[in-house]
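*Asks:* Below you'll find the structure I mean.
The values are calculated or read from the model by the stated rules, or taken from the named source; none is laboratory data. Here the structure is a predicted model, which is why all the values come from computation and not from measurement. Here Cβ is always computed from backbone atoms with ideal geometry, including for glycine, and neighbour counts include all displayed protein chains.
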Amino acid sequence: MREPLEFADAVPLVDHHCHGVVRADLDRDAFEALLTEAGTPPGPGESRFDSQVGLAVRRWCAPVLDLPADAPAADYLERRRELGADEVNRRMLRAAGVSRLLVDGGFRPDELTTEAELAALSGAEVGTVVRLEHLAEQLTTTAAGFADDFRSALAERDAVAVKSIAAYRVGLDLAGERPTDAEVRAAADRWLRSTGPGRAEPGRAGPRRLADPVLHRFLIWCGIDRGLPVQLHCGYGDPDLDLHRADPLLLTNLLRATASSGVPVMLLHNYPFHRNAGYLAQVFPHVYVDVGLATHAVGSRAPAVLAELLELAPFGRVLYSSDAFGLAEFYLLGAVLFRLGLAEFLRDTADAERIVTMISSANAHRAYRLA
Amino acid sequence: MREPLEFADAVPLVDHHCHGVVRADLDRDAFEALLTEAGTPPGPGESRFDSQVGLAVRRWCAPVLDLPADAPAADYLERRRELGADEVNRRMLRAAGVSRLLVDGGFRPDELTTEAELAALSGAEVGTVVRLEHLAEQLTTTAAGFADDFRSALAERDAVAVKSIAAYRVGLDLAGERPTDAEVRAAADRWLRSTGPGRAEPGRAGPRRLADPVLHRFLIWCGIDRGLPVQLHCGYGDPDLDLHRADPLLLTNLLRATASSGVPVMLLHNYPFHRNAGYLAQVFPHVYVDVGLATHAVGSRAPAVLAELLELAPFGRVLYSSDAFGLAEFYLLGAVLFRLGLAEFLRDTADAERIVTMISSANAHRAYRLA
Amino acid sequence: MREPLEFADAVPLVDHHCHGVVRADLDRDAFEALLTEAGTPPGPGESRFDSQVGLAVRRWCAPVLDLPADAPAADYLERRRELGADEVNRRMLRAAGVSRLLVDGGFRPDELTTEAELAALSGAEVGTVVRLEHLAEQLTTTAAGFADDFRSALAERDAVAVKSIAAYRVGLDLAGERPTDAEVRAAADRWLRSTGPGRAEPGRAGPRRLADPVLHRFLIWCGIDRGLPVQLHCGYGDPDLDLHRADPLLLTNLLRATASSGVPVMLLHNYPFHRNAGYLAQVFPHVYVDVGLATHAVGSRAPAVLAELLELAPFGRVLYSSDAFGLAEFYLLGAVLFRLGLAEFLRDTADAERIVTMISSANAHRAYRLA
């Protein structure tokens, strides 16, 4: 009988939620800025490497760049520059062992690799996750036309799924039922007439920021109506977030209202509310969960976090995502730490190989109807 | 010196909160429907056995039916049918090693074994937990007569404890103080005059569903006034629940108001808020806690969950319950996993035997004044 | 290479939040009353030693009093009386291995050792943490004069930090921005004119209890304006607390508003919300965190709790505190269990010695500008 880690390593992962990586070479400041969710540079005497994720980069990524495990940060960054971003990106994405990437390209797209570039770097097939708010914010529309214009815009996209960042904008305490046309029109009117600061990405030029509970619900229901799996940001993220408004339990009404649609709803990240997410995956027939982002962020603790998710979450409803953004290292770390966690969880467990295959790949194939 | 598990196995458990088991033989669909808290059947390609509780059934229950540990689910169900429900129920309940069962028979009583049947199957003594809302919903009464009629009905019951499911109906954010007669009358009037859907058990014929903060508080105070320990559903349950409204911390005001009564209040289940429950058990003099239901639901993770409960909960305030419902397997799993958890917790601990006895049995004898 | 525990033991700790210890000899009732956060005496048949902290006292403190590890509670208390409180206090504080104590003397000061006494007992340098609410409650002032009078009183104190117990009084869901002079005056007027019960410490003579969101914010901003690190009680405490209002995530707005000040904000205790606190330490540039009080309260589980804190918290933002109050044993337990936790966390980790030094001492030196 093979060891759990041996066959976990052998199963290619479907990474159902990830982003592009930076094309340019990164100096230390730029690398550290991408390493955690902090909103500001490290203070005097601080380094972002002094963290679980920093230790994990040195432990697991250094050997991919031909350095010894636990190489000092300075050596790591020097070697990274020596090889060049393109070679580093390729090595990390190849070493991740992924067969499919579902890419959300709606955040800071100008700086990051495209889907085609990710496909070339990784050797994986790539699908598109359309960020609902980003699509809405690109529209040139009117209050009366917004609903139809958005539906048309979504229909034109070749999407494998949609994603909402309502958690960042208004929190997850959303009513469940589909908003009426009149409610959507009134909300769109408020939005389009609003003035003052409100760029979609603070500090950048760009369209007006959508942040209205009715509109987020409308966008989510548009995904449901098209039969597109809906990814929802839950839990851990950057300081734009009010984390206590991002507990997935706040989605209970929306999950009740959408359960009969049969369209999958994917609760992303979830940390530190991942046990709550596991509960929702158990009691609702269409809920899938992951601990992406947290997996690399908590480094050596990833197996502990995954084990908590799996307390209640049915094995058929757990997915893998890296939520890698910016640094290709996160593709590798997510994959390595997830496989370590799975292997530890499944030690002494019946049907370990079958469960690894479900969680690593088969669940995502079923939920997203991947070929 | 004996190993902790050896004497944990030797102490008969008081299971202070449990339910009847199904008398009939169960096919795969019916068995799976009872295996988790999901509200709907498994989807295509899904099996409820692909979960922590499913693995636990195969690991721990299969040998009780003369199968090898980790027997496939199909073999398990076939053997279960071969032996017949009555024999399976007897084997599981006997193997649980319980001396006393406190049974809440107020949910779907027509399908489940009675207290007398549970006593015969288990060899344990049996006491009655009266479900407050169920008793109120059975009354033929008026707004003016409700308070007295309920008190009379409760007085007629030979109860060892009462239980409230306010968490399911209105959430646990209840005011603390005893409601006045006028408040109760007004609330009863609203309840009895309400129309529309509202059966006590959705999808079934039956009385009007009680869901009013004043009435739940009234029922709880009726238990306090009779000196009957009050069991409160907290945390994990089926999708009728808004889990974020079932955090036991929301009971803080009610616990302050009832502390001087000296009547024990038992916080049931609590997962994933079990650390919060442990805190309440430490700071309030009358609060007892368990992690029933979760113990079998999280399978191999039960020791980790129990260890978290025991971080702050005084050892004299922790109780055992299976919260078994429907499947006799849960009586066995609750007992086995709880004992494993206790034994792991108490490894290298002073007074391990004494603490096992407290938590397994003595605390419940004291709190419920059992003979 | 040295074992992590070996060098963790060798680094003197800065205990950045602690209190005095009782000077008098303690009988069993008085000792048990200080052992946990319970608000009332143990019930019949109960002992506070039957808890994680009770086991920890017997395990780790008994040898300091020349008893075998795990000595019975009665033997421990007898030996404690035999040696006398002063000798016990000296032994515990010396054995803790602390170089610096930052002492909050604002709660029940008459019964406890002074800063000078703590310095003599421990051999450590001592600094003062001014409890904001206590200082305000001592003022003889008017609504119009309150703001200036408070600022003057604070300026006269030789403080290394300030502390707010807003969590106990109104909860942590505070607006962020600095209140205006008019708001402070109106709030002070309400406070000073209020009647009815409201002593600052229930059951004691003393000044009127301050409990007003505007005033707590004002006090906190006074600390910020003086450049004094602000300690905030979060999470676990006695039953005066509504624990669900003490989640540090509720401080998000205040943390956003104070981030640009550069003045450190220290989130104290945090259990069971310590993962939330770790998140805040990661995303805000001025947030420091600890798990004081919990460290000794959860006994053998302290390493598990610390590991959860360190999932997201940058290693440069984690501090040590005992939150010892009343019993000198807590100085020892905090130190021993914290070091065990650090050593366990850092096993097989790169740069373990450097990280131990940061968390044990260097972070506090930097944040509090200690000599």
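*Asks:* Before we move on, is residue A:288 hydroxyl-bearing (Ser, Thr, Tyr) and either at positive phi or out of contact with any strand residue (DSSP E or B) (no Cβ under 8 Å at 6 or more places or on another chain) (or both)? Outline the logic, then answer.
*Replies:* Values: hydroxyl-bearing (Ser, Thr, Tyr): yes; either at positive phi or out of contact with any strand residue (DSSP E or B) (no Cβ under 8 Å at 6 or more places or on another chain) (or both): no.
For residue A:288, the condition - hydroxyl-bearing (Ser, Thr, Tyr) and either at positive phi or out of contact with any strand residue (DSSP E or B) (no Cβ under 8 Å at 6 or more places or on another chain) (or both) - is not met.
*Asks:* Can you work out which of the residues in region A:320-350 that are more than 14 Å from chain B (Cβ to nearest Cβ) and acidic (Asp, Glu) is nearest to residue A:273 (Cα to Cα)?
*Replies:* A:323
*Asks:* Please enumerate the residues belonging to region A:303-319 that are assigned to a loop (DSSP other than H, G, I, E, B) and at the interface with another protein chain (Cβ under 10 Å from one of its Cβ atoms).
*Replies:* Our first condition is that a residue be assigned to a loop (DSSP other than H, G, I, E, B); within region A:303-319, this holds for A:310-314, A:319.
Selection gives A:310, A:311, A:312, A:313, A:314.
*Asks:* So for region B:20-34 (the condition being closer than 17 Å to residue B:332 by Cβ and either within 11 Å of another protein chain (Cβ to nearest Cβ) or assigned to a helix (DSSP H, G or I) (or both)), does at least one residue qualify?
*Replies:* Yes - at least one qualifying residue is present in region B:20-34.
*Asks:* Out of the residues in region B:337-356 meeting the condition of being closer than 23 Å to residue B:60 by Cβ and of a type outside the set (A, V, I, L, M, F, W, C), tell me which one is surrounded by the fewest Cβ atoms within 10 Å (Cβ to Cβ).
*Replies:* Selected residue: B:347.
*Asks:* Which residue out of C:332, C:319 is touching a residue at least 40 places away in the same chain (Cβ under 8 Å), surrounded by 24 or more Cβ atoms within 10 Å (Cβ to Cβ), of a type in the set (A, V, I, L, M) and in contact with a His (Cβ under 8 Å, 6 or more places away or on another chain)?
*Replies:* Values: C:332 fails: in contact with a His (Cβ under 8 Å, 6 or more places away or on another chain).
Going through C:332, C:319 in turn, just one is touching a residue at least 40 places away in the same chain (Cβ under 8 Å), surrounded by 24 or more Cβ atoms within 10 Å (Cβ to Cβ), of a type in the set (A, V, I, L, M) and in contact with a His (Cβ under 8 Å, 6 or more places away or on another chain): C:319.
*Asks:* Would region C:45-58 turn up any residue that is over 28 Å from residue B:275 (Cβ atoms) and of a type in the set (Lys, Arg)?
*Replies:* Taking region C:45-58 and keeping what is over 28 Å from residue B:275 (Cβ atoms), we get none.
Within region C:45-58 (the criterion being over 28 Å from residue B:275 (Cβ atoms) and of a type in the set (Lys, Arg)), the answer is no, since none of the residues qualifies.
*Asks:* Given the options B:300, B:322, name the one that is under 25 Å from residue B:58 (Cβ atoms) and assigned to a loop (DSSP other than H, G, I, E, B).
*Replies:* Details: B:300 fails: assigned to a loop (DSSP other than H, G, I, E, B).
B:322 is the lone residue from the list that is under 25 Å from residue B:58 (Cβ atoms) and assigned to a loop (DSSP other than H, G, I, E, B).
*Asks:* To continue, here is another question. Tally the residues that are crowded, with 24+ Cβ neighbours inside 10 Å and either within 11 Å of chain C (Cβ to nearest Cβ) or in contact (Cβ under 8 Å) with a residue 40 or more places away in the chain (or both), restricting the search to region B:263-274. Before the answer, list the steps.
*Replies:* Residues of region B:263-274 crowded, with 24+ Cβ neighbours inside 10 Å: B:264-274.
Narrowing further to those that are either within 11 Å of chain C (Cβ to nearest Cβ) or in contact (Cβ under 8 Å) with a residue 40 or more places away in the chain (or both): B:264, B:266, B:268-269, B:272-274.
Within region B:263-274, residues that are crowded, with 24+ Cβ neighbours inside 10 Å and either within 11 Å of chain C (Cβ to nearest Cβ) or in contact (Cβ under 8 Å) with a residue 40 or more places away in the chain (or both) number 7.
*Asks:* Moving to a separate point now. From the list C:132, C:34, which residue is touching a residue at least 24 places away in the same chain (Cβ under 8 Å) and surrounded by fewer than 19 Cβ atoms within 10 Å (Cβ to Cβ)? Before the answer, list the steps.
*Replies:* Values: C:132 fails: surrounded by fewer than 19 Cβ atoms within 10 Å (Cβ to Cβ).
Matching residue, one of C:132, C:34: C:34.
*Asks:* May I ask you to say which residue of C:125, C:137, C:111 is surrounded by fewer than 20 Cβ atoms within 10 Å (Cβ to Cβ), within 30 Å of residue C:8 (Cβ to Cβ) and acidic (Asp, Glu)? Reasoning before the result, please.
*Replies:* Details: C:137 fails: within 30 Å of residue C:8 (Cβ to Cβ); C:111 fails: within 30 Å of residue C:8 (Cβ to Cβ).
Sole residue among the options that is surrounded by fewer than 20 Cβ atoms within 10 Å (Cβ to Cβ), within 30 Å of residue C:8 (Cβ to Cβ) and acidic (Asp, Glu): C:125.
*Asks:* Which strands (runs of 3 or more DSSP E) sit wholly inside region A:74-164 and have at least 1 residues that are at pLDDT below 95? Don't jump to the end; show me each part of the working.
*Replies:* On the way: elements: A:98-104, A:125-131, A:161-164.
Here the list is empty.
*Asks:* Taking into account only those residues within region C:113-129 that are out of contact with any strand residue (DSSP E or B) (no Cβ under 7 Å at 6 or more places or on another chain) and touching a residue at least 24 places away in the same chain (Cβ under 8 Å), which is farthest from residue C:263 (Cα to Cα)? It would help to see each step written out before you state the result.
*Replies:* Taking region C:113-129 first, the residues out of contact with any strand residue (DSSP E or B) (no Cβ under 7 Å at 6 or more places or on another chain) are C:114, C:116-117, C:120-121, C:123.
In the following step, the residues that additionally are touching a residue at least 24 places away in the same chain (Cβ under 8 Å) were identified as C:114, C:117, C:121, C:123.
Values: C:114: 27, C:117: 30, C:121: 31, C:123: 29 Å.
Checked region C:113-129; the qualifying residue farthest from residue C:263 (Cα to Cα) is C:121.
*Asks:* Yes or no: region C:236-247 includes at least one residue that is within 24 Å of residue C:358 (Cα to Cα) and surrounded by 24 or more Cβ atoms within 10 Å (Cβ to Cβ).
*Replies:* From region C:236-247, those within 24 Å of residue C:358 (Cα to Cα) are none; that's our starting set.
So far as region C:236-247 goes, no, none of its residues is within 24 Å of residue C:358 (Cα to Cα) and surrounded by 24 or more Cβ atoms within 10 Å (Cβ to Cβ).
*Asks:* Ok, one more. Could you please give the count of residues in region B:253-277 that are on the phi < 0 side of the Ramachandran plot, not in a loop (DSSP other than H, G, I, E, B) and not charged (D, E, K, R)? Reasoning before the result, please.
*Replies:* Our first condition is that a residue be on the phi < 0 side of the Ramachandran plot; within region B:253-277, this holds for B:253-261, B:263-268, B:271-277.
Right, trim to not in a loop (DSSP other than H, G, I, E, B) and you get B:253-261, B:265-268, B:274-277.
Within this subset, residues satisfying the condition of being not charged (D, E, K, R) are B:253-255, B:257-261, B:265-268, B:274, B:276-277.
Final tally of qualifying residues: 15.
*Asks:* Taking the residues in region A:187-231 that are of a type in the set (A, V, I, L, M) and surrounded by fewer than 19 Cβ atoms within 10 Å (Cβ to Cβ) as candidates, determine which candidate is modelled with the lowest pLDDT.
*Replies:* Taking region A:187-231 and keeping what is of a type in the set (A, V, I, L, M), we get A:187-188, A:192, A:200, A:205, A:210-211, A:214-215, A:219-220, A:224, A:228, A:230.
Cutting the leftovers down to surrounded by fewer than 19 Cβ atoms within 10 Å (Cβ to Cβ) gives us A:192, A:205, A:211.
Working: A:192: 93, A:205: 50, A:211: 96.
The extreme case among them is A:205.
*Asks:* Starting from region C:234-248, take each residue that is within 14 Å of residue C:39 (Cβ to Cβ) and more than 7 Å from chain B (Cβ to nearest Cβ) and list its partners that are assigned to a loop (DSSP other than H, G, I, E, B) and aliphatic (A, V, I, L, M), counting only C-beta distances under 9 angstrom and pairs at least six apart or across chains.
*Replies:* Once the first residue is within 14 Å of residue C:39 (Cβ to Cβ) and more than 7 Å from chain B (Cβ to nearest Cβ) and sits in region C:234-248, its partners that are assigned to a loop (DSSP other than H, G, I, E, B) and aliphatic (A, V, I, L, M) give C:237/C:165; C:237/C:246; C:237/C:293.
*Asks:* Looking at region A:288-301, is at least one residue more than 14 Å from chain C (Cβ to nearest Cβ), closer than 27 Å to residue B:34 by Cβ and either crowded, with 24+ Cβ neighbours inside 10 Å or out of contact with any Pro (no Cβ under 7 Å at 6 or more places or on another chain) (or both)?
*Replies:* Just the residues of region A:288-301 that are more than 14 Å from chain C (Cβ to nearest Cβ), to begin with: A:288-290, A:292.
In the following step, the residues that additionally are closer than 27 Å to residue B:34 by Cβ were identified as A:288-289.
Narrowing the set further to residues that are either crowded, with 24+ Cβ neighbours inside 10 Å or out of contact with any Pro (no Cβ under 7 Å at 6 or more places or on another chain) (or both) leaves A:288-289.
Scanning region A:288-301 turns up at least one residue that is more than 14 Å from chain C (Cβ to nearest Cβ), closer than 27 Å to residue B:34 by Cβ and either crowded, with 24+ Cβ neighbours inside 10 Å or out of contact with any Pro (no Cβ under 7 Å at 6 or more places or on another chain) (or both).
*Asks:* Same structure, new question: Could you tell me whether residue C:339 is within 25 Å of residue A:70 (Cβ to Cβ), of a type in the set (Lys, Arg), touching a residue at least 12 places away in the same chain (Cβ under 8 Å) and out of contact with any Cys (no Cβ under 7 Å at 6 or more places or on another chain)? Steps first, please.
*Replies:* Values: within 25 Å of residue A:70 (Cβ to Cβ): yes; of a type in the set (Lys, Arg): yes; touching a residue at least 12 places away in the same chain (Cβ under 8 Å): yes; out of contact with any Cys (no Cβ under 7 Å at 6 or more places or on another chain): yes.
The answer is yes for residue C:339.
*Asks:* Separate question: Run residue B:292 past the list (1) in a helix (DSSP H, G or I); (2) under 16 Å from the mean Cα position of the chain (by Cα) and report the number of the one that doesn't hold.
*Replies:* (1)
*Asks:* Which of (1) within 20 Å of residue C:48 (Cα to Cα); (2) within 13 Å of chain C (Cβ to nearest Cβ); (3) surrounded by 24 or more Cβ atoms within 10 Å (Cβ to Cβ) is the odd one out, the single condition residue B:260 does not satisfy?
*Replies:* Of the numbered conditions (1) within 20 Å of residue C:48 (Cα to Cα); (2) within 13 Å of chain C (Cβ to nearest Cβ); (3) surrounded by 24 or more Cβ atoms within 10 Å (Cβ to Cβ), the odd one out for residue B:260 is (3).
*Asks:* Could you list, in sequence order, all residues of region B:45-64 that are surrounded by fewer than 20 Cβ atoms within 10 Å (Cβ to Cβ), touching a Lys or Arg at 6+ places or on another chain (Cβ under 9 Å) and more than 8 Å from every other protein chain (Cβ to nearest Cβ)?
*Replies:* Residue satisfying the conditions is B:64 alone.
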